[in-house]
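Novice: This structure is in structure tokens; I'll ask about it shortly.
The values are calculated or read from the model by the stated rules, or taken from the named source; none is laboratory data. Treat the numbers as computed from the prediction; the structure is a model and nothing was measured. With ideal geometry, Cβ positions are generated from the backbone for all residues, glycine too; neighbour counts draw on all protein chains shown.
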There are 2 protein chains.
Amino acid sequence: MVRLTPDERRRQLLGIGLRMFVDKPVQEVSIDAVAAEAGISRGLLFHYFPTKTAYHQAVVAAAGRRFLRNARPDDGATGEVALEQVTRRFIEQIRRRRAFYVALVFGQGPVSIPTPEGEEEFATTLRARLADLVIERCGYAAAARPVVHAWVAYVEDRAIESSADASNVEVTALVAHCTRALEALQETPTQRPRVPLP
Amino acid sequence: MVRLTPDERRRQLLGIGLRMFVDKPVQEVSIDAVAAEAGISRGLLFHYFPTKTAYHQAVVAAAGRRFLRNARPDDGATGEVALEQVTRRFIEQIRRRRAFYVALVFGQGPVSIPTPEGEEEFATTLRARLADLVIERCGYAAAARPVVHAWVAYVEDRAIESSADASNVEVTALVAHCTRALEALQETPTQRPRVPLP
DNA sequence: AGTGCTATTGAGCATTGCTCAACAAGACGC
DNA sequence: GCGTCTTGTTGAGCAATGCTCAATAGCACT
């Protein structure tokens with residue numbers, strides 16, 4: 001019987017979930033399997049997470065936090081440089097761990113990533129957090145939020161679909177395309193239909 | 001005991017799943033509940049779907065097929081007109097049944113939508129099918145497929161995030177923006193990085 | 001009416017999600 | 001070194017669940 005700090009144990013369980021939910025969907029991963037992997041009893045898992053669904057959501061949220069953290073630009077960076085960094089880091093991350101991303105982040109719909117400490121029960125999605133990041137750090141207007149939010153979806157799809165074996169050069173080109181695309185999208189008017197209706 | 005055609009029964013079960021999986025995730029919807037809703041025994045459900053996961057996937061695929069079918073342009077339409085129709089129908093559909101779409105299509109990652117009859121085990125996602133639709137019907141080059149595919153993700157996000165209570169006029173403006181956005185994205189070069197690396 | 005086909009049932013089993021009272025590992029005081 | 005307190009941890013136990021399979025019952029056709 002190994003006794004861990006609640007924090008250590010929690011982290012261990014989340015880490016195991018991060019591995020187990022990649023190949024199998026929730027309903028095919030049993031609490032027993034997770035507990036066995038951790039070397040603990042079933043009961044303990046329910047001491048840390050009230051329900052299996054709650055555990056799964058916590059794992060997914062952890063995955064989202066991880067991607068968000070790794071996509072952050074350098075502390076000094078702002079404007080176009082920051083945008084290039086965020087875009088590159090986001091894309092590279094997805095490509096490096098494609099299956100992981102698809103299973104735990106992309107395939108989970110609007111999964112909440114609670115902001116860490118204290119802030120009043122605020123929760124949101126990875127796309128929303130990345131959009132905030134771009135708006136705050138790269139100098140985009142708050143009014144452009146819908147465009148930025150959906151642009152994240154665009155970049156995400158390009159990263160997922162681009163085959164992971166492509167060379168680094170292609171990644172650079174993709175990053176360049178995506179940063180330019182954000183400007184192009186932002187400049188695309190939202191007012192009049194281009195094809196007048198009959 | 002009510003006896004139905006296998007086809008009718010299958011349709012009924014898929015229809016029930018289409019309703020049940022909107023509010024609750026897979027692991028919280030029991031086969032018992034589905035069977036009770038259909039007025040049949042648990043066993044029968046396993047006669048139609050070998051496993052619960054298979055049933056869920058079939059339901060999700062059905063949802064995808066539905067959206068794909070409703071997004072098709074008119075038979076005669078081509079080019080820009082077809083693009084406008086596909087975009088509008090896709091957006092309107094998502095907005096009209098937002099929760100449904102998010103739960104069953106968006107929140108399921110790369111769910112396969114098998115092409116109906118005969119075709120050799122080909123299966124793909126809703127985004128891929130919509131991309132094919134745009135390429136074939138709206139006159140886009142096959143080389144633009146990655147852009148079109150990710151553009152679908154962009155449109156999808158705009159539709160999901162735009163509040164459902166907005167007026168019809170705003171939808172028209174959004175459709176116009178999205179169709180223009182596809183051109184803008186297509187014209188955004190993928191070759192050189194805009195911000196040269198140090 | 002009889003016969004064949006098959007959609008459907010229902011008992012049954014192993015596993016699963018979840019609860020809870022009891023246990024034991026470490027920290028602290030003495 | 002001993003006792004005590006706190007709390008991370010266990011394991012039995014239960015109802016519900018996913019799934020199997022032999023038996024049944026509805027329907028079409030002769």
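Novice: Collect the residues in the range A:10-24 that are within 13 Å of DNA strand D (Cβ to nearest atom) and without any contact (Cβ under 8 Å) to a residue 24 or more places away in the chain, keeping them in residue-number order.
Specialist: Correct list: A:R11, A:K24.
Novice: For B:S41, work out the one condition from (1) more than 14 Å from chain A (Cβ to nearest Cβ); (2) more than 12 Å from DNA strand C (Cβ to nearest atom); (3) over 26 Å from B:V152 (Cα atoms) it doesn't fulfil.
Specialist: (2)
Novice: Could I ask something else about it? Restricting the range B:136-147 to residues that are among the hydrophobic types (A, V, I, L, M, F, W, C) and out of contact with any Lys or Arg (no Cβ under 9 Å at 6 or more places or on another chain), which is farthest from A:V155 (Cα to Cα)?
Specialist: Out of the qualifying residues, it is B:C138.
Novice: Another question, if that's okay. Would you tally the residues in the range A:40-66 being away from DNA strand D (no atom under 16 Å from the Cβ) and buried (at least 22 other Cβ atoms within 10 Å of the Cβ)?
Specialist: Going through the range A:40-66 one residue at a time, the tally reaches 4.
Novice: Could you please tell me which pairs satisfy a Cβ distance under 9 Å, a separation of 6+ or placement on different chains, a first residue in the range B:96-116 that is within 14 Å of B:H56 (Cβ to Cβ) and at the interface with chain A (Cβ under 7 Å from one of its Cβ atoms), and a second residue that is outside any helix (DSSP H, G or I) and of a type in the set (V, I, T)?
Specialist: Matching pairs, first to second residue: B:G107/A:V111; B:G109/B:T125.
Novice: Being among the acidic types (D, E) and either within 16 Å of DNA strand D (Cβ to nearest atom) or surrounded by fewer than 16 Cβ atoms within 10 Å (Cβ to Cβ) (or both): is that true of B:E84 here?
Specialist: no
Yes/no matrix, rows are residues, columns are (1) part of a loop (DSSP other than H, G, I, E, B); (2) at the interface with chain A (Cβ under 7 Å from one of its Cβ atoms); (3) at pLDDT 80 or above:
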{"position": "B:V152", "(1), (2), (3)": "no, no, yes"}
{"position": "B:R158", "(1), (2), (3)": "no, yes, yes"}
{"position": "B:S163", "(1), (2), (3)": "yes, no, no"}
{"position": "B:H177", "(1), (2), (3)": "no, yes, yes"}
{"position": "B:L182", "(1), (2), (3)": "no, no, yes"}
{"position": "B:L197", "(1), (2), (3)": "yes, no, no"}
